[in-house]
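Data block below; observations after.
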Amino acid sequence: MTGWSRIEGRAVALAQENVDTDQLIPARFMSVPRSEGYGRFLLHDARQDDAAHVLNRHSEARVLVSRRNFGSGSSREAAVYALVDFGIRAVFAPSFGDIFAGNAVNNGLLPARLPQAQVEALLAKIGTGDCAACVDLTTGQAVIAGQELSFELDPVWQQKLVNGWDDIDLTAQHKEQITAFRAARFLAHEWALPKT
Amino acid sequence: MRITITGALGAGVTAKDLALHWIAKLGADGARGHAIEYAGEAVRGLSIEGRLTLCNLSIEGGGRLGLVAPDQVTFDYLKGRNFAPKGAAWDAAVADWKLLHSDPDAGFDREVAVDAAPIAPTVTWGTSPEEALPITARVPDPATMSGGKQAQARAALDYMGLEAGMPLESVAVDQVFIGSCTNGRIEDLRLAAKVLAGRQAKVPGLVSPGSAQVKKQAEAEGLAQIFTRAGLEWADAGCSMCVGMNGDLVEAGKRCASSTNRNFKGRQGRGARTHLMSPAMVAAAALTGHLADVRPYLEGRS
């Protein structure tokens, strides 16, 4: 995966709480190969029910602003694929589903936390339209709808997003220590050795 | 984060009710950023199956994971199982596992205490697991809520086809589902079968055991027969109707009493209306055709 440090593009608002992984992509689409692209499944049912849905009107959106507990629900990584394949690179919300946020960072999507009051102000400003946005991972600063914002970003997440690393890339950097630990662990806990 | 559950759960009240209760109290993001250790008398009193249900639902409260320190109940459950260490290796394993508890002076980022005694069988009325209430309650009025909650509740009631103020027990269901990783274990099936034995379901439903092993065991114990005699379909193990997989769908606008973990919009099928509850409560809904308190149906059944 390619990393990124700074993006510029359009931002839209999704003024909902608890936008869960089942809404982000209904399970029935998950047997489709990723190579076909998941962007068309993003918020599929909501977009199908409402032709004027904000994502139907702004397919070029790269930044999403939403309410608390965005991405709640399951470990469904396809929810992140749908956002990424649609073109979204950053979601701003007061809080995120934990597992979703981890999946997001593994796939180059920034889950950026902002205080609730700032999110509410942004939602009011953007409304049902769109606006200009600029997000900088290296400084933790963003400008959305003319608002200058500082978002919280874990240093490890920053490193992963900038370099395009996922958990396996990070873990593989400690291969020697892991091998040594494994050997020592099995010596001290022989009962846990897999029986062949 | 530690959630300490004091006291004991009442008769007919299960780990599922306990989980929905604390999630309703703390919110679907109440445990966000935390791994949860469940502790306290009520947790010690749960079987491994019950503890697995409780830990499984940690995600619905926003947690990363849930765990219960191993104790004699854990060791008794594991002993003799497939892949469990045997002989001297068993003793060594138990000695290691006995160390896997929090120190008495351990610090937690967050501590929450919950009293088990007043918890009633609990059902969800909305489209988030936090939208849960005792079965004895009424559908809440969004007008009494604040800010984002109010909009969420209005949207939920609209999707669920419910009116504020109606008693939860008056909500008629079209079908039922017992199964899933949350509540498809042998004890879940035993409890649901206890409610259904010798009785007839008023609505159709599906029972999907949690694994092929559970399926075999349930058939050997005669549980499968109780379900089919009650009018429910006995299916293979799988995610099934929990997530609308393999053709096990709830149709748009239909209402399902479900022992699963997520009542999100469209989870069981497009436009499907899901009410989460314990397998015993699902059995009660099957018998009556509406959301119902299971406790009277367990009376006199040991």
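Taking the Cα centre of chain B as reference, the dipole from Cβ charges on Lys and Arg (+1) and Asp and Glu (-1) amounts to some 600 debye.
Taking the charge dipole of chain B about its Cα centre, with +1 at Lys and Arg Cβ atoms and -1 at Asp and Glu Cβ atoms, the residue from B:Gly147, B:His21, B:Ala286 reaching farthest to the positive side is B:Ala286. Computed 3J(HN,Hα) for region A:65-79, one whole-Hz value per residue from the Karplus formula 6.51 cos²θ - 1.76 cosθ + 1.60 where θ = phi - 60°, is 10, 8, 8, 4, 6, 5, x, 5, x, 8, 7, 3, 5, 4, 4, glycine and proline marked x. Neighbouring Cβ atoms from other chains, within 10 Å of the Cβ of residues in B:245-257, number 0 on average. For chain A, the share of DSSP beta bridges that are antiparallel, to the nearest 5, is 55%. What you get for the protein assembly as shown, charging only the Cβ of Lys and Arg (+1) and of Asp and Glu (-1), is a dipole of about 800 debye around the Cα centre.
Here chain B carries DSSP beta bridges of which approximately 15% are antiparallel, counting only pairs with both residues inside. Taking region B:77-103 and a reference point 7 angstrom along Cα→Cβ of B:Ala35, the backbone N atoms nearer than 20 Å belong to B:94-103. Placing unit charges on the Cβ atoms of the charged side chains and taking the dipole of chain B about its Cα centre, the candidate lying farthest along the positive direction among B:Ile135, B:Ala117, B:Ala88 is B:Ile135. Computed 3J(HN,Hα) for region B:30-44, one whole-Hz value per residue from the Karplus formula 6.51 cos²θ - 1.76 cosθ + 1.60 where θ = phi - 60°, is x, 10, 4, x, 10, 8, 9, 9, 8, 9, x, 4, 5, 6, 4, glycine and proline marked x. For B:Lys86, the aspartates and glutamates whose Cα falls under 19 Å of its own Cα, not counting residues fewer than eight places away in the same chain, are A:Glu190, B:Asp71, B:Asp76, B:Asp96. With contributions of -39500 (n - 2.57) from each DSSP H run of at least four residues, the per-residue ellipticity at 222 nm computed over chain B stands at -9000 deg cm²/dmol. In a fully extended conformation the segment linking B:Thr136 and B:Arg301 would gain 57.2 nm over its present Cα-Cα distance, using 0.36 nm per residue. Rounded, prolate or oblate, given the Cα gyration tensor of chain B, with a/c below 1.5 counting as rounded? Oblate shape, in that a/c is at least 1.5 and b/c is the bigger or equal ratio.
Counting, for every residue in B:90-97, the Cβ atoms of other protein chains within 10 Å of its Cβ and taking the mean gives 2. Please figure out what share of the DSSP beta bridges in the protein assembly as shown is antiparallel and state it in percent, rounded to the nearest 5. Of those bridges, close to 35 percent are antiparallel.
Dividing the summed helix terms, -39500 (n - 2.57) for each DSSP H run of n ≥ 4, by the number of residues in chain A produces a 222 nm estimate of -10000 deg cm²/dmol to the nearest 500.
Of the trypsin sites (Lys or Arg not before Pro) in region B:1-82, the ones in a loop by DSSP (not H, G, I, E or B) with at most 15 other beta carbons within 10 Å are B:Lys79, B:Arg81.
Residues whose amide H falls under 5 Å from that of B:Lys202, counting only those 5 or more places apart or on a different chain, are B:Leu287, B:Thr288, B:Gly289, with hydrogens built in the peptide plane. The HN-Hα couplings worked out from phi for region B:167-182 by the Karplus form 6.51 cos²θ - 1.76 cosθ + 1.60 (θ = phi - 60°) are x, 4, 5, 8, 7, 7, 10, 8, 7, 9, 9, 10, x, 5, 5, 6 Hz, whole numbers, x standing for Gly and Pro.
Once Lys and Arg get +1 and Asp and Glu get -1 on their Cβ, which of A:Gln177, A:Leu161, A:Ala142 lies farthest toward the positive end of the dipole of chain A? Of the listed residues, the answer is A:Gln177. For the residue pairs B:Lys79/B:Lys215; B:Lys216/B:Lys265; B:Lys25/B:Lys265; B:Lys16/B:Lys149; B:Lys194/B:Lys254; A:Lys175/A:Lys195, the alpha carbons lie more than 30 Å apart in B:Lys216/B:Lys265. Magnitude of the charge dipole for region A:6-165, about its Cα centre and with charges confined to Cβ atoms of Lys, Arg (+1) and Asp, Glu (-1), is about 180 debye. Each label was represented as a point 7 Å from its Cα along the Cα-to-Cβ direction; for A:Glu176 and A:Arg28 these points are 5.4 nm apart. Each peptide in A:66-75, A:133-142 receives the mean, over its residues, of other Cβ atoms within 10 Å, and ordering these scores from highest gives A:66-75, A:133-142. The value obtained for region B:2-115, namely the Cα convex hull volume divided by the number of residues, is 111 Å³ per residue. Taking every residue in A:65-75 and counting other chain Cβ atoms within 10 Å of its Cβ, the average works out to 4. For a straight C-alpha distance cut-off of 16 angstrom, the aspartates and glutamates reachable from A:Lys160 (same-chain residues fewer than eight places away being disregarded) are A:Asp136, A:Glu152, A:Asp169. Close amide H partners of A:Phe96, meaning residues 5 or more places away or on another chain with modelled amide H under 5 Å apart, are A:Asn69, A:Phe70.
Read-outs: derived from the displayed coordinates by stated rules, not from any lab. Remember, predicted model here, so these are calculated numbers, not experimental data. No Cβ is skipped: glycine too gets one built from the backbone with ideal geometry, and neighbour counts run over all protein chains shown.
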